[in-house]
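Chemist: Below you'll find the structure I mean.
The values are calculated or read from the model by the stated rules, or taken from the named source; none is laboratory data. Note that this is a predicted model, so its numbers are computed, not measured. So basically every Cβ, Gly included, is an ideal-geometry build from the backbone, and we count neighbours across all protein chains shown. With ligands, DNA and RNA removed, areas are computed over all heavy atoms of the protein, side chains included. Shrake-Rupley method; radii C 1.70, N 1.55, O 1.52, S 1.80 Å.
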Amino acid sequence: MSVLTTSFEVLSKHILESIYPNFKCELFGTSAHAGDVFHGGTLLDRLCRLAQCLNTRVKDEVIRNPHNLESAGDGGIDLIAYQAIDSTLHPAPFLPAGFGQCACSYDDWITKQNEVGTYRYTTRRFEQIEHFHQLMFVPFPLRNTIGTWDDEYQEQIESLIIDRFRFIDILIKNDDDLSFFTTSAIYQELFDFLKTLMLV
């Protein structure tokens with residue numbers, strides 16, 4: 001089912017670009033394709049590239065951790081948005097940024113919020129990084145029948161939630177027909193997968 005989660009991450013990146021139109025928005029996780037900033041390498045490689053984008057550095061204990069040298073995972077980040085406002089000046093840390101996580105299951109989104117939690121990255125992984133936007137993208141609604149947050153979920157929200165309602169609202173407000181997706185690297189793979197399920 002990875003083609004479905006990859007497709008959702010690609011769509012989420014597109015929505016992220018609408019939320020932060022003047023930011024650089026990138027796929028950080030394993031859905032990154034050849035040519036993307038964070039494609040390939042170990043988790044440590046990608047964390048170091050991210051630190052460079054944010055004008056900071058990875059903490060020494062993270063560099064020494066053998067897991068980070070061996071893992072090809074994403075460290076809990078699927079998407080990254082940052083404003084490279086010092087690109088023509090002397091680079092300085094504490095840039096505006098947003099870290100995003102995608103969850104395709106009603107069972108996962110609550111705990112996955114912690115994967116891009118501020119504490120995990122400001123205290124444990126990077127030097128000189130302050131509070132950033134923490135975003136959670138889900139392809140399902142978390143609303144009740146009148147459109148506000150459902151009581152079952154409201155107390156569980158600890159990040160900026162982009163649910164199905166917000167996806168659609170952002171697309172409508174930007175007169176966006178998602179035509180970009182037909183030229184994306186994942187499109188044919190998704191199409192072929194759906195054909196095997198006889199959905200197209």
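Chemist: Could you tell me whether ASP150 is within 15 Å of LEU16 (Cβ to Cβ) and over 18 Å from the mean Cα position of the chain (by Cα)? Explain how you work it out, then say what you get.
Modeler: On the way: within 15 Å of LEU16 (Cβ to Cβ): no; over 18 Å from the mean Cα position of the chain (by Cα): yes.
Against the criterion (within 15 Å of LEU16 (Cβ to Cβ) and over 18 Å from the mean Cα position of the chain (by Cα)), ASP150 does not qualify.
Chemist: Here's something else I'd like to know. I'm checking my understanding of the structure. Among residues of region 51-76 that are more than 21 Å from PHE94 (Cα to Cα) and charged (D, E, K, R), which one is modelled with the highest pLDDT? Explain how you work it out, then say what you get.
Modeler: Residues of region 51-76 that are more than 21 Å from PHE94 (Cα to Cα), as a first pass: 64-74.
Narrowing the set further to residues that are charged (D, E, K, R) leaves 64, 70, 74.
Values: ARG64: 91, GLU70: 80, ASP74: 85.
Among those that are more than 21 Å from PHE94 (Cα to Cα) and charged (D, E, K, R), it is ARG64.
A quick yes/no check of all residues on (1) without any contact (Cβ under 8 Å) to a residue 60 or more places away in the chain; (2) under 19 Å from THR111 (Cβ atoms); (3) more than 18 Å from the chain's Cα centre (by Cα):
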{"position": "PRO141", "(1), (2), (3)": "yes, no, yes"}
{"position": "GLU155", "(1), (2), (3)": "yes, yes, yes"}
{"position": "ILE170", "(1), (2), (3)": "no, no, no"}
{"position": "ASN174", "(1), (2), (3)": "no, no, yes"}
{"position": "PHE181", "(1), (2), (3)": "no, no, no"}
{"position": "ILE186", "(1), (2), (3)": "no, no, no"}
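Chemist: How do the helices (runs of 4 or more DSSP H) wholly within region 90-200 filter down when requiring 2 or more residues that are open to solvent by less than 70 Å² (accessible area, probe 1.4 Å) and on the phi < 0 side of the Ramachandran plot: which remain?
Modeler: On the way: elements: 109-112, 118-122, 151-154, 164-173, 187-196.
Fully inside region 90-200 and qualifying: 109-112, 118-122, 164-173, 187-196.
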